[in-house]
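Below is one structure, written out as structure tokens; comments come after it.
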Amino acid sequence: MNPRIGDWRGQRVWVIGASTGIGAETAKLLLERGARVALSARKLSTLQTVAPEFPKALLLPLDVTRHAEVLAARDTLLAQWQGFDLVLVVAGAYNEMRADSFDMAAVNQLIDLNLRGVFHCLDAVLPSLLAQHSGGIGIVSSAAGYSGLPKALIYGPTKAALINLCESLYVDLRPRGNAVYLINPGFVETPATAVNDFPMPGLITARRAAQEIVQGIEQGHFHIHFPKRFTNWLRLARLLPYRWYFALLHKVTGL
């Protein structure tokens, strides 16, 4: 559904949300394969620890919730690169929430980071991508966006919105020559999942997640999801009638 990538050498890749976890490991993997990589996250000090063995990597600290910072980083990058081959928006956060612990402040915080922050990034890079008629954008959503899940009262809806967004982006961008990648991880060992107090089926390392992402992009996939033994179960469960779906969810989670 997207062009294949056979060689990363010289490819201009901007990873937004590259300080830890999936973003950091994906940035390192792309650097190892010869890509020109810019790393963005809120703290410069954290970015400096990601890939010290690659001194040519560009470090562009920004907060995705601050539109002006995203635009300023974009301008800095365009002055050096004159365009993008791939923009990966990985920045996001998780907040466990159920109806009896509803917290509007936490809701707004997650919407700002997981959803509005992504739109800030789109506003920054879409004009360049459209003008190029080449290059692509990948957005990390989550398998939690496939359907309603316990403890994901706000996290799940923000990720479901990103799934819908990527589908709409593909309709608009692919005919213009741009690639779109919808990335839906299952459980990955990151600081975000470290707080979970429940079994996480199919848990994989952030390095393995990065390998899945890079391989999916290389093969031109639109929907990159992993580990498939878990994500395919969720996708299949979503096709069930609601009565069966909720019964199955209760049986599996006990919630």
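Throughout, read-outs are computed from the coordinates displayed, never taken from laboratory work. Quick caveat: nothing in here was measured; it's all calculated off a predicted structure. For neighbour counting, all protein chains shown are included, and Cβ atoms are generated from backbone atoms with ideal geometry for every residue, glycine included.
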Under the 7 Å Cα-to-Cβ spin-label approximation, Gln82 and Met200 lie apart by a distance in nanometres of 4.3 nm
Taking amide hydrogens as modeled 1.01 Å from N in the peptide plane, which residues meet the under 5 Å criterion relative to Leu59, leaving out close sequence neighbours?
-> Leu39
Based on the mean of other Cβ atoms within 10 Å per residue, sort peptides 55-61, 100-106, 115-121, 223-229 so the most packed one is first.
-> 115-121, 223-229, 55-61, 100-106
May I ask you to compute the full-extension gain from Lys228 to Arg33, defined as 0.36 nm times their residue separation minus their alpha-carbon distance, rounded to one decimal in nm?
-> 67.7 nm
Taking the alpha-carbon centroid of each part, what is the distance from region 142-178 to region 204-255 in angstrom?
-> 13 Å
Counting other beta carbons within 10 Å of each Cβ, put Trp14, Trp244, Trp81 in order, fewest first.
-> Trp244, Trp81, Trp14
Straight-line reach from Lys159: which lysines have Cα under 19 Å away, leaving out those fewer than 8 places along the same chain?
-> Lys151, Lys228
Nearby lysines by direct alpha-carbon distance to Lys28 (threshold 18 angstrom, same-chain neighbours under 8 apart not counted) = Lys43, Lys56
What full-extension length gain, to one decimal in nm, is calculated for Asp172 and Glu96 as 0.36 nm per residue of separation minus the Cα-Cα distance?
-> 24.0 nm
Once a ≥ b ≥ c are taken as the square roots of the eigenvalues of the Cα gyration tensor of region 41-183, is the result rounded (a/c under 1.5), prolate (a/b larger than b/c) or oblate (a/b not larger than b/c)?
-> oblate
(1) 39, 39, 39; (2) 57, 43, 32; (3) 54, 36, 30, with the label sought being that of the calculated Cα extents along the principal axes in Å | (3)
What distance in nm separates the simple spin-label points at Lys251 and Phe119, each placed 7 Å from Cα in the Cβ direction?
-> 4.0 nm
So how strong a dipole does the chain carry about its Cα centre when Lys and Arg Cβ are +1 and Asp and Glu Cβ are -1, to the nearest 20 debye?
-> 520 debye
Given only helices, namely DSSP H runs of n ≥ 4 each adding -39500 (n - 2.57), what is the per-residue ellipticity at 222 nm of the chain, to the nearest 500 deg cm²/dmol?
-> -13000 deg cm²/dmol
Enumerate the amide H contacts of Tyr181 below 5 Å, restricted to partners 5 or more residues apart or on another chain; note that Pro and chain-start residues carry no placed amide H.
-> Ile137, Gly138, Ile139
Once the Cβ-Cβ distance between Asp103 and Arg4 is put in as r, and R0 is 41 Å, what FRET efficiency do you end up with, to the nearest 0.05?
-> 0.40
Once normalised by the length of the chain, the mean sequence separation of its alpha carbon contacts under 8 Å that are 6 or more apart gives a contact order in percent of 20 percent
